[in-house]
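Report on the structure given below.
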Amino acid sequence: MRNLLGTSKNGANRRAFLKKSMATGVSGAFLSAGVSAFADDENGRQEKGGRLTRGDAALLRFAAAVEILETDFWIQYNELGGIQDSEVPGGSGNPAYTRALEVLDEDFPQYIHDNTDDEITHFTFLNAYLASKGSEPANLEPFRTLPGSTATGSSGKPRLTNLMQLTLDTSWWTRYRSGTNNPDLDPTFVFPQAVPGLFMGQFPAIPRSDADLTPADHIQAIANTAGFHMPTIEQGGNSLYPGMAQRATSAEVLRILISIGPTETMHFQTWQDKAGNAPPLTDPTNSLVFPDLNAPPFDTTEFSTNLIMPEPCPFISRNLPRCSVIRPTETKGIATNVVNFLTAMGLFIGQSPMFFELLGELAAEADRAKRGRL
């Protein structure tokens with residue numbers, strides 16, 4: 001994982017590449033202001049040329065980068081299975097895939113549309129705020145090179161993310177239903193997977209081509225995979241924002257982080273409920289099994305599909321009463337952990353080494369942020 005985390009010895013070259021990459025596509029007026037992504041003095045309180053501390057700018061820049069990545073894959077979902085309109089343009093819909101998604105909930109296309117719209121507003125706001133403070137925004141456009149789905153309904157545009165080879169860690173399902181364990185207090189505890197098969201291979205969450213539209217159980221398995229991928233992603237944001245908020249210095253930056261973060265929780269709650277409606281089946285194409293979580297041996301409080309409110313669990317100390325909380329919210333290494341999480345998922349399969357270099361440096365900068373005084 002060394003290269004993925006941007007830990008090459010040549011820090012100067014890495015920083016130069018990062019600044020160049022983030023600047024691509026920014027308006028000439030903004031570039032002429034001579035903004036630098038990093039202060040020359042490691043102990044400097046403000047970003048050079050900006051009005052945010054280095055740490056606060058790094059936190060918002062990493063958040064913006066993650067939201068750009070989220071927007072990219074949500075647009076792919078919307079093109080094939082959502083609602084295409086002026087708010088979320090692109091694509092023309094895929095009827096077979098949409099019908100399979102609607103098995104999980106008849107309002108699935110509307111929810112996809114609204115989640116996509118939310119992510120678009122998140123990254124555009126964060127980047128605009130950074131620019132308004134004289135800090136460089138996040139920009140990943142040079143890495144929009146991955147081929148997407150060729151199925152009917154796709155726009156065919158190049159992508160930042162890969163939704164066709166996903167490996168999903170669905171242990172969040174039992175983590176939020178556990179009343180005895182919290183990863184912040186029990187970092188080595190292994191929470192059971194809701195869908196073990198998704199953690200053991202690489203599976204598409206969108207049809208790769210029209211060949212994936214049949215047989216019926218195959219396209220349904222693809223829709224089921226999407227149904228579990230969506231909450232898997234959103235529970236990550238659910239933890240990222242409170243984790244980063246603990247490092248913010250400015251009250252306004254804190255306000256931004258704790259205002260966007262709860263919308264990720266709303267997304268997670270919605271998609272967790274829909275994932276529970278995924279029909280049990282075995283995909284005849286790749287033998288991926290979606291179990292009935294309400295039947296033996298899964299019919300326990302850890303797996304029941306209607307228990308979508310977070311169970312009270314140990315928090316801060318086992319000497320204190322249990323509390324219903326977001327978990328985890330440990331702040332140390334939160335940004336780097338998110339990069340590792342997304343990378344292990346397969347979301348970036350096909351990306352260049354320089355993409356991982358940039359993403360790793362953004363995460364490292366965010367993790368170096370320290371709460372201080374203005």
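The values are calculated or read from the model by the stated rules, or taken from the named source; none is laboratory data. All values derive from a computational prediction rather than experimental measurement. Here the Cβ positions follow ideal geometry from the backbone for every residue, glycine too, while neighbour counts run over all protein chains shown.
This table checks each residue for (1) farther than 18 Å from residue 163 by Cβ; (2) at pLDDT below 95; (3) in contact with a Pro (Cβ under 8 Å, 6 or more places away or on another chain).
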site: 266; (1), (2), (3): yes, no, no
site: 269; (1), (2), (3): yes, no, no
site: 311; (1), (2), (3): yes, no, no
site: 328; (1), (2), (3): yes, no, yes
site: 355; (1), (2), (3): no, no, no
Legend entry - Which numbered condition residue 109 misses (of (1) in a helix (DSSP H, G or I); (2) in contact with a Ser or Thr (Cβ under 8 Å, 6 or more places away or on another chain); (3) in contact (Cβ under 8 Å) with a residue 60 or more places away in the chain; (4) not charged (D, E, K, R)): (3)
Legend entry - Whichever residue in segment 154-178 is among the polar types (S, T, N, Q) and in contact with a strand residue (DSSP E or B) (Cβ under 9 Å, 6 or more places away or on another chain) and, among such residues, is farthest from residue 265 (Cα to Cα): 165
Inset, instruction - Exactly one condition in (1) at pLDDT below 95; (2) part of a helix (DSSP H, G or I); (3) not aliphatic (A, V, I, L, M) is not met by residue 67; state its number. - result: (1)
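Residues in segment 223-232: is at least one under 16 Å from the mean Cα position of the chain (by Cα), surrounded by 18 or more Cβ atoms within 10 Å (Cβ to Cβ), under 20 Å from residue 325 (Cβ atoms) and of a type in the set (Val, Ile, Thr)?
The answer is yes; a qualifying residue exists.
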Legend entry - Residue that is nearest to residue 196 (Cα to Cα) [pool: residues in segment 299-311 that are out of contact with any Gly (no Cβ under 6 Å at 6 or more places or on another chain) and touching a residue at least 24 places away in the same chain (Cβ under 8 Å)]: 303
Legend entry - Set 278, 194, 205: member being touching a Ser or Thr at 6+ places or on another chain (Cβ under 7 Å), at pLDDT 95 or above, outside any helix (DSSP H, G or I) and under 21 Å from residue 107 (Cβ atoms): 205
Inset, instruction - Could you please find all residues in segment 148-181 being within 21 Å of residue 354 (Cα to Cα) and either free of Cβ contacts under 8 Å to residues at least 40 places away in the same chain or among the β-branched types (Val, Ile, Thr) (or both)? - result: 158, 161
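Collect the residues in segment 116-147 that are of a type in the set (S, T, N, Q), out of contact with any Phe, Trp or Tyr (no Cβ under 6 Å at 6 or more places or on another chain), touching a residue at least 24 places away in the same chain (Cβ under 8 Å) and closer than 13 Å to residue 72 by Cα, keeping them in residue-number order.
139, 145
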Inset, instruction - Name the residue, out of 259, 287, that is polar (S, T, N, Q) and assigned to a loop (DSSP other than H, G, I, E, B). - result: 287
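Per-residue answers, yes or no, for (1) within 20 Å of residue 204 (Cα to Cα); (2) at pLDDT 95 or above; (3) outside any helix (DSSP H, G or I):
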{"site": "73", "(1), (2), (3)": "yes, yes, no"}
{"site": "86", "(1), (2), (3)": "no, yes, yes"}
{"site": "92", "(1), (2), (3)": "yes, yes, yes"}
{"site": "96", "(1), (2), (3)": "yes, yes, no"}
{"site": "100", "(1), (2), (3)": "yes, yes, no"}
Legend entry - segment 217-254: number of residues that are free of Cβ contacts under 8 Å to residues at least 60 places away in the same chain and either more than 17 Å from residue 119 (Cβ to Cβ) or of a type in the set (S, T, N, Q) (or both): 4
